[in-house]
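One structure below.
Just so it is clear, none of the values below were taken in a lab; they were calculated from the coordinates. Values in this document were obtained by computation on a predicted structure and should not be read as measured data. FYI the Cβ positions are ideal-geometry reconstructions off the backbone, even for glycines, and counts take in every protein chain you see.
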Amino acid sequence: MEQRNKFAVGDQVEIMKPSGENVLVTVEKMKDEDGRFIENCPHPKQKIHVLFSQKPDELDLIRVREEQ
């Protein structure tokens, strides 16, 4: 995926479904474009591979969880 905002392994993010449902998941692992494990993704539009605690569907959007 191509990310827009910085997040890190261990962060909670929201999967936004087309139905309007939001699902809270945890970032478990990340790899950069070359397959190296990384702890965060600080560069806008960086291409990464992410393992979440729940797999998103094809049309889902992912956003950094808003602090409450």
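Here are a few things to note about the model shown:
- When the residues of the stretch 44-64 are filtered to those that are in contact (Cβ under 8 Å) with a residue 40 or more places away in the chain and within 10 Å of the chain's Cα centre (by Cα), the one that is nearest to GLU2 (Cα to Cα) is ILE48.
- Of everything listed in (1) more than 14 Å from GLU2 (Cα to Cα); (2) crowded, with 16+ Cβ neighbours inside 10 Å, the single unmet condition for CYS41 is (1).
- Subset of the stretch 5-38 (residues that are surrounded by 12 or more Cβ atoms within 10 Å (Cβ to Cβ) and basic (Lys, Arg)): LYS6, LYS17, LYS29, LYS31
- Residues of the stretch 15-41 satisfying the condition of being part of a strand (DSSP E or B), more than 13 Å from the chain's Cα centre (by Cα) and within 20 Å of GLN54 (Cβ to Cβ): ASN22
- Neighbours by Cβ (under 6 Å, 6+ apart or cross-chain): first from the stretch 7-23, more than 24 Å from PRO44 (Cβ to Cβ); second surrounded by 14 or more Cβ atoms within 10 Å (Cβ to Cβ): LYS17/ASP60; VAL23/ILE15
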